[in-house]
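K.L.:
This is the structure I have questions about; it appears just below.
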Amino acid sequence: MTINVEFWHLVGLLLSFLGCCFGFTKILVLQFPNSLLERHQNQLKVNDKVEELEKQFNQMQSSLPLVYVLRDDYIRGQTVLEAKMDAYTKP
């Protein structure tokens with residue numbers, strides 16, 4: 001059993017295969033910049049959100065001492081009040 005293939009059929013098959021490879025490569029190369037641009041835009045959005053969170057966190061940190069009383073400060077204040085009350089009640 002022999003297979004007879006002419007030279008020009010092999011050339012046509014090779015050119016078809018190379019054309020398909022070139023087409024797929026072209027499609028992939030054209031999609032790469034679009035994907036890269038999309039990733040860049042997403043990264044910019046994430047950076048904006050991170051900056052907003054940093055601003056909120058810094059505002060919270062700056063207002064925290066005004067709103068929150070430390071336990072030690074409370075104990076110190078209570079001690080002063082109790083000392084004043086003891087001094088007032090002693091003859």
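K.L.:
Accessible area per residue for the chain in Å², computed with a 1.4 Å probe and the full protein assembly in place, what is it?
P.N.:
Working: 9390 Å² over 91 residues.
Averaged over the residues of the chain, the accessible area is 103 Å².
K.L.:
As an exercise, use a Förster radius of 25 Å and the Cβ-Cβ distance of LEU53 and TYR74 to find the FRET efficiency, rounded to the nearest 0.05. Please list the in-between numbers first.
P.N.:
Numbers: r = 31 Å, r/R0 = 1.23.
E between LEU53 and TYR74, to the nearest 0.05, is 0.25.
K.L.:
Related question: What lysines sit close enough to LYS84 to cross-link, taking a C-alpha to C-alpha distance under 27 Å and skipping anything fewer than 8 places away on the same chain?
P.N.:
Reachable lysines: none.
K.L.:
Next question. Would you mind computing Rg(Cα) / (2.2 N^0.38 Å) for the chain, counting N as its residues?
P.N.:
Details: Rg = 38.8 Å, N = 91, 2.2 N^0.38 = 12.2 Å.
Working it through for the chain, the quotient is 3.17.
K.L.:
Please report how far the C-alpha centroid of segment 3-34 lies from that of segment 55-91, rounded to the nearest whole angstrom.
P.N.:
80
K.L.:
Between 0 and 90 degrees, rounded to the nearest ten: what's the tilt of helix 7-67 against the longest Cα principal axis of the chain?
P.N.:
With rounding to tens, the tilt is 10 degrees.
K.L.:
Using the Cα centre of the chain as the reference point, and only Cβ charges (+1 on K/R, -1 on D/E), how large is the resulting charge dipole? Debye, rounded to the nearest 20. Numbers along the way, then the final one.
P.N.:
On the way: 9 positive and 10 negative charges, 28 e Å.
That gives a dipole near 140 debye.
K.L.:
With every protein chain kept in the model, how would you rank THR2, THR25 by accessible area, 1.4 Å probe, largest at the top?
P.N.:
Details: THR2 115, THR25 80 Å².
Ranked from most to least accessible, the order is THR2, THR25.
K.L.:
So which chymotrypsin sites (Phe, Trp or Tyr not before Pro) in the chain are both in a DSSP loop and have at most 11 other Cβ atoms within 10 Å of their Cβ? Each step should come with its number before you reach the end.
P.N.:
Values: sites: PHE7, TRP8, PHE17, PHE22, PHE24, PHE57, TYR68, TYR74, TYR88; in loops: TYR68.
The qualifying sites are TYR68.
K.L.:
Could you give the nm distance between label points at VAL46 and ASN34, where each point is 7 Å from its Cα heading toward the beta carbon?
P.N.:
2.2
K.L.:
Still on this structure: Determine which aspartates and glutamates satisfy two conditions relative to LYS26: a Cα distance under 15 Å, and not lying fewer than 8 residues away in the same chain.
P.N.:
Answer for LYS26, where 15 Å is the Cα cut-off: none of the aspartates and glutamates qualify.
K.L.:
Reachable aspartates and glutamates from LYS45, Cα under 16 Å, same-chain residues fewer than 8 places away excluded?
P.N.:
The reachable aspartates and glutamates, counting only those whose Cα sits under 16 Å from LYS45, are GLU54.
The values are calculated or read from the model by the stated rules, or taken from the named source; none is laboratory data. Treat the numbers as computed from the prediction; the structure is a model and nothing was measured. In this analysis, Cβ positions are derived from the backbone assuming ideal geometry, glycine residues included, and neighbour counts consider all displayed protein chains. Heads up: the accessible areas ignore ligands, DNA and RNA and are worked out on the full protein's heavy atoms, side chains in. Shrake-Rupley method; radii C 1.70, N 1.55, O 1.52, S 1.80 Å.
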